[in-house]
1. Residues of segment 157-186 being outside any helix (DSSP H, G or I) and closer than 22 Å to residue 101 by Cα, which ones?
2. Among the residues of segment 109-139, how many are surrounded by fewer than 20 Cβ atoms within 10 Å (Cβ to Cβ) and farther than 21 Å from residue 43 by Cα?
3. Can you name the residue in segment 312-347 that is assigned to a helix (DSSP H, G or I) and over 22 Å from residue 365 (Cβ atoms) and is also nearest to the chain's Cα centre (by Cα) among such residues?
4. Within segment 224-233, does at least one residue satisfy the condition of being over 21 Å from the mean Cα position of the chain (by Cα), part of a helix (DSSP H, G or I) and under 29 Å from residue 179 (Cβ atoms)?
5. Within the bounds of segment 156-163, is there any residue that is over 21 Å from the mean Cα position of the chain (by Cα) and either over 14 Å from residue 202 (Cβ atoms) or surrounded by 15 or more Cβ atoms within 10 Å (Cβ to Cβ) (or both)?
6. Could you list, ordered by first residue, the pairs with Cβ atoms under 7 Å in which the first is in segment 108-133 and at positive phi and at pLDDT below 95 and the second is surrounded by 13 or more Cβ atoms within 10 Å (Cβ to Cβ) and assigned to a loop (DSSP other than H, G, I, E, B), at least 6 apart or interchain?
7. Does segment 205-242 hold any residues that are surrounded by fewer than 21 Cβ atoms within 10 Å (Cβ to Cβ) and free of Cβ contacts under 8 Å to residues at least 60 places away in the same chain, and which are they?
8. Of all residues being surrounded by fewer than 23 Cβ atoms within 10 Å (Cβ to Cβ) and not in a loop (DSSP other than H, G, I, E, B) in segment 82-95, which is nearest to the chain's Cα centre (by Cα)? Just the residue, please.
């Protein structure tokens with residue numbers, strides 16, 4: 001007698017607890033509208049610069065914190081309470097799905113993600129484990145806790161894009177030049193594309209758990225995509241980011257796509273399926289809007305793009321930059337979510353961030 005394996009039986013997703021926050025300024029702007037005031041949140045706002053975060057994390061490793069629902073929820077809430085930002089972003093890390101799948105990834109203080117056994121051959125790819133949604137139960141539990149506490153503040157879920165995850169796996173850790181990654185793309189294209197397909201599946205699973213648990217938007221971080229030419233991005237990375245973003249086309253929530261040093265890729269990143277294109281500080285928002293519109297035939301919402309280092313200047317200088325960016329965002333033609341052009345630097349004064357939120361809120365969307 002034969003039996004049907006458990007994996008062949010579809011498991012229905014839990015009912016979403018997503019709230020009706022369609023009038024929240026962040027969601028209005030992310031959906032291409034113009035709210036009465038300019039919404040703002042900060043990448044890496046959950047942690048690093050906050051003393052309450054450092055106290056909470058003092059004796060807890062990063063991935064342990066990312067696997068503890070109460071810590072995920074508390075750290076996610078800290079900048080919302082302190083700064084009054086218009087969106088919370090789930091406290092996590094882009095390598096959490098790799099760790100949850102059992103791929104031997106650790107985050108080493110002062111270095112970043114380090115991979116125990118780098119992936120460099122077809123056999124390595126074929127040995128990669130699948131990510132099961134049950135391995136992400138702490139993430140789903142934390143989101144449930146947050147929905148009870150956030151009230152009218154939207155919650156952003158996120159994941160690392162397949163290219164950035166692949167770079168960590170192939171290089172074995174952070175890399176300045178991505179030499180092994182770029183060599184694999186050209187010398188072992190079959191291995192590369194099989195790896196990227198597997199990582200797209202892992203990323204979709206990670207985001208699906210967050211969406212089913214009730215997040216109000218998702219952001220795909222492609223931290224290392226700026227290392228690629230546009231031709232290489234289109235050939236080796238875009239199809240897999242598009243597959244991830246396309247999996248949530250009908251989810252009814254905004255999809256944000258962000259990379260560092262990706263000024264020449266903004267149009268391609270919009271083509272991948274982004275509703276909101278994140279822009280780092282190197283390209284003015286009005287020019288970013290033109291690049292995106294040429295690529296997709298119409299405006300998209302933009303997110304960004306104050307240089308994080310500017311927050312160490314005097315307040316008059318910061319205000320001048322904020323007002324310039326807000327004007328460029330309005331000129332771009334779509335919605336605008338104010339943000340930094342990358343993450344909050346660890347030594348940033350939290351009081352400056354709180355003041356910045358108040359300043360941004362004085363500006364029209």
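1. Across segment 157-186, the qualifying residues are 157, 158, 159, 160, 161, 172, 173, 174.
2. Qualifying residue count for the region: 20.
3. This residue is 312.
4. Yes - at least one qualifying residue is present in segment 224-233.
5. The answer is no, given that none of the residues of segment 156-163 is over 21 Å from the mean Cα position of the chain (by Cα) and either over 14 Å from residue 202 (Cβ atoms) or surrounded by 15 or more Cβ atoms within 10 Å (Cβ to Cβ) (or both).
6. Here the result reads 112/173; 112/174, each pair linking segment 108-133 to a residue that is surrounded by 13 or more Cβ atoms within 10 Å (Cβ to Cβ) and assigned to a loop (DSSP other than H, G, I, E, B).
7. Selection gives 226, 229, 230, 231, 232, 234, 235, 239, 242.
8. 83
The values are calculated or read from the model by the stated rules, or taken from the named source; none is laboratory data. Being a predicted model, the structure only gives us computed values, none of them experimental. Heads up, the Cβs are rebuilt from the backbone with ideal geometry, glycines too, and the neighbour counts pull from every protein chain shown.
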